[in-house]
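Asker: Right, I'll just put the structure down here and ask away after.
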Amino acid sequence: MDLFSGAQQNETIKNAPLADRMRPRNLNDIIGQDHIVGVGRLLRRSIAADRLSSVIFYGPPGTGKTSLARVIANTTKGAFESLNAVLAGIKDIRDAIDRAQERQNLYSKKTILFVDEVHRWNKAQQDALLPWVENGTVILVGATTENPFFEVNKALVSRSRVFQLKALANDDLLKAANAALHDTERGYGNWNVQFAQGALEHLVEVSSGDARCLLNALELVVETTPPCWPPAPQSTITITLQAAEDSIQKRAVLYDKDGDYHFDTISAFIKSVRGSDPDASLYWLAKMVQSGEDPAFIFRRMIILASEDVGLADPLALQVVISCAESFERIGFPEGNYPLSHACLYLATAPKSNSTMAFFDALKVVEKEDGEVPNHLRDASRDGTSFGHGVGYNYPHAFRDHWTAQQYLPTSLQGKMFYTPSMMGYEKKIYNDVMQKRELQAAAILSRRNSASGIIDADAQLLSWTPQSKKHKNQLDMWLKRLESTQTELLLKVKQKIFELAALKRHDRVLLVNADDGLLLWESMRCVPEGFCAALVSNAEAKETLQIFSASLYANDTNQSGIELPKIEAGVEDGTGNMELQQACKIFDCNVYDTIIVQEPLHNIKTEAVLLFEQLAKDAKIILQEGGKIILIITPSAAGETLCRILERECAVSVDLIETFNNACKVFRKSQGHQSVETDKIDKIEKIVTDVFCSEGFSVDITTIEQSEQRLLHEKEIDLWFDASKSIWGASISKQIEENDFKKIKTLLTNRVKQGPVEILQKSCLVKACI
């Protein structure tokens, strides 16, 4: 019976369609999905280690969803069950669950349940599977051509990892075709199959990324060309271009009003109109109309676009589109194509402005701060006599040009701007008028000062620092809070620029170096959920701290089911203070990276900067994927530098004393092992980096970020810094300069901080080097 079953199975495989016979048997056979199963990718590691959690494969037909499931079946040590949602019902699900429970209870063996076309199950069927996925009785591997976030039970999706497969590139399809043509066991390797010029390329092109479509066409054209099949071994089979064209019909447009292609096409239409491309706009419009899209839906999106993307650059756009929509309702198809085209072309060729988005900026402020209505704007008809509401309001029509400068925003938001006119179309005409009125309003508010005391009136509450005024304590508190948050804003600005340069993709492999502060770690994790994120930190304490934060951040996040926590390890310095990048290949289970981000490489190094950058460039060249990039964040700064600049810029002091103080700070930095690089010499660092990385074959792009912040320093901070018994810095400086000079510098700085915030200047350079 077993021998008969095996022979029968072999015969079945032999007679199976070519697309089924050529399915990949292992991960190395998978073609064209390197972003999820390439070396170092999350899914590849999970399958290879047989530690797969529930997953859903989502993508167009013929991209390898079922093939991946079969690779899992060939790899896992657990049991593998397979269901097709088109054929299977709740009874089949229960039977599969019963078998899985039996294996788990009797043999402690896990069960992987593959469900093809999982979106075809109704809600009841999907709900029947949910508790068993949740308690781990089965590990779900689902496959769907529809977006699972729309078509699959949300609870089921939240407990699974979604991997999106992409349509195969022509090169990938060509590999699949050649594999079938040369495989002697499963394909046509026993015959000499030759293609006329352009014949195979035609099959690949028309298949549009679908490997199954290509292999089916290949099977048809190869097996119908000879007079009878199969011909004698080693026979020559010549495929003409005509035969190739006959074997594969023009592929139907992938458009489904209820699926992804519907949303993708309307997205392409909107983006083409927004991008002022009338030809592309008409193409996507025609595709939607031909596919049966509801014209009301198209007009709805164009009405939104008329306000969102054209806006006040052409105030008539909204009226034109609404008129076209009303015209269509009266005449319908086919003549209704004219108003559809009319609206489309009007919007595509109109000047663009998204200034109406200013509303959402205002909404954010309202959510954070509930500003009170200024007294002169309140309703005078109800409480004017008792409370003086409305007193002081200036009626604009009583003035020349029907406008007068007065306060309209709540007091706490004076100076806040939400709307900025663009320089397009109608808005270009009103730009100067809007800005001039704002300037006049600001001047009017600023002029409301108490000439005797120099103190701002209570109603103005501008961002001024007035410690002498007790009645403005609330104003001072507000200003102090703004000062405390300034540095965070600076960090966020640099962080935002770093991730703009990095342009991380979901499947990228990222290595962070000197990542002790975690500033870039969490954002990197979110950017590469299907890739790999590793961080080298300077010591074991930093590693432990980041791991604790990592665990606490994701412990209660049910929507991050199965997410991998970042790999964090303490690097070993090479003796110069630099952590070798090649350590990452030894420490982490990943030999190649798409992006490397190095934070402050000059911090605490004990060698020349040029030697450091030479080592970084050589290491990066070895471990970076072709087309990969390394990003360096360099902010030249050191202890004492800020005080030197404040003393020089904002205190009346001799040049000699400045030089003495500066030299003392340099001695301290050297004793602490800091690389001494002054901010005004950042150009030197940029030149070193450019020369070094270009010599190793990198293309280099450098962005310099100059920022300033108003920082409030306290007398206690000055006292602490200059206390030689409590401060290492103070002890060092006191030894380098005379006692009188030491006291004089402390007094000058103390007097300066009493006057209010000081300006702190900061320069950072972001280096992006691509291999």
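Asker: Got a sec? What order do 507, 342 fall in by accessible area at 1.4 Å, biggest, i.e. largest, first?
Answerer: Correct descending sequence by accessible area is 342, 507.
Asker: Cross-link list 271/687; 154/586; 495/543; 687/735; 110/629; 271/618: which exceed 31 angstrom alpha carbon to alpha carbon? Provide the component values of the computation, followed by the final result.
Answerer: Numbers: 271/687 40 Å; 154/586 40 Å; 495/543 21 Å; 687/735 36 Å; 110/629 41 Å; 271/618 42 Å.
Over 31 Å Cα-Cα: 271/687; 154/586; 687/735; 110/629; 271/618.
Asker: If you average the C-alpha positions of the range 336-374 and of the range 170-203 separately, how far apart do those two centres end up, in angstrom?
Answerer: That distance is 53 Å.
Asker: Heads up, I need the accessible area for residue 509: 1.4 angstrom probe, whole protein in place, Å², nearest 10.
Answerer: So the heavy atoms of residue 509 present about 10 Å² to solvent.
Asker: A further question follows. Counting other Cβ atoms within 10 Å, which trypsin sites (Lys or Arg not before Pro) in the range 43-112 have at most 12 and lie in a DSSP loop? Mind showing how you got there, number by number?
Answerer: Values: sites: 44, 45, 51, 65, 70, 77, 91, 94, 99, 103, 109, 110; in loops: 51, 77, 109, 110.
Sites meeting the loop and neighbour criteria: 51, 77.
Asker: For the range 682-770, just say rounded, prolate or oblate: build the C-alpha gyration tensor, square-root its eigenvalues into a ≥ b ≥ c, call rounded for a/c under 1.5, and beyond that prolate if a/b exceeds b/c, oblate if not.
Answerer: prolate
The values are calculated or read from the model by the stated rules, or taken from the named source; none is laboratory data. These numbers come from a predicted model, not from an experiment. Methodologically, a virtual Cβ is constructed for each residue, glycine included, from the backbone with ideal geometry; neighbour enumeration extends over all protein chains shown. The protein model used for the area step is the full one, side chains on, heavy atoms only, and it has no ligands, DNA or RNA in it. Shrake-Rupley method; radii C 1.70, N 1.55, O 1.52, S 1.80 Å.
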